Amino acid sequence: MASKAPNSRRTGPRRTRLQAARHTPVFRWIDPRFTHRWRIYVGQSILAAILLWVVLLAEDVLSNGAIVAAIASSVAIVFFVPHSVASSPYRIVGGHLSAVVAAYILIGLSLLFPDSVVDASWFNDLLGALAVGLVVLLMSISNTEHAPAAGTALGLGVDGVPGDAVLFIITAAVLVALARVLLGSRLHNLI
């Protein structure tokens, strides 16, 4: 019977340096699938950045940070989990349209109050909170649940509903949904 040499060769696939580094205590927080699919992760991240850059270049008139953050969150969902329910084109566009409708309803209701109340900061905070609550209700009723639309509702509820913001939201939502349709079969869930 032959004895095994102490330096016998390892059986099985050989690990890359990236895969081996992942098992050190400092790097255990790295997703194990990243080491095998890092090109997909990096590629989809670059595509997400390019899409958001195109959206922001096309609509650079907007200064509302909550609305821009909401659109950026929609882009992130499409490229992070493109095959989830939340990244379906119907929900992207429908969720942001629900936010616009919720904001218009609340701005209309605010016309019933005197200017002294409407100008108070607590009232603007209340409008923002009510806008988020109303958009959750509208999205639930219309089956267009898309979490980033809550940011859209907050931004519109606090700052009002200027026409350029509505145009930005609709254009951006359609562009994000179009990117999801065109790239959907090539994108991978990164979870």
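Brief remarks follow.
- Considering only residues in region 138-164 that are within 16 Å of the chain's Cα centre (by Cα) and β-branched (V, I, T), the one that is surrounded by the most Cβ atoms within 10 Å (Cβ to Cβ) turns out to be T152.
- Entry remark, region 108-124: residues being part of a helix (DSSP H, G or I) and among the aliphatic types (A, V, I, L, M) number 3 in total.
- Residues in region 116-137 that are in contact with a Leu (Cβ under 9 Å, 6 or more places away or on another chain) and either within 23 Å of S74 (Cβ to Cβ) or at pLDDT 90 or above (or both): L127, G128, A129, L130, A131, V132, L134, V135.
- Selection count, region 108-137, where residues are of a type in the set (G, A, S), farther than 18 Å from P162 by Cβ and within 28 Å of the chain's Cα centre (by Cα): 2
- Tally, over region 149-169, of residues that are among the small types (G, A, S) and outside any helix (DSSP H, G or I): 1
Yes/no per residue for (1) of a type in the set (S, T, N, Q); (2) assigned to a loop (DSSP other than H, G, I, E, B); (3) within 15 Å of F168 (Cα to Cα):
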position	(1), (2), (3)
A66	no, no, yes
A70	no, no, yes
I77	no, no, no
P82	no, yes, no
I92	no, no, yes
L97	no, no, yes
I105	no, no, no
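- Test: residue in region 125-148 that is of a type in the set (S, T, N, Q) and not in a helix (DSSP H, G or I): yes
- Just one of the listed residues (V85, V100, V55) is modelled with pLDDT of 90 or more and either farther than 18 Å from A131 by Cα or not β-branched (V, I, T) (or both), namely V85.
The values are calculated or read from the model by the stated rules, or taken from the named source; none is laboratory data. This is a predicted model, so every value here is computed, not measured. Ideal geometry is used to build each Cβ from the backbone, glycine not excepted, and the neighbour counts take in all protein chains shown.
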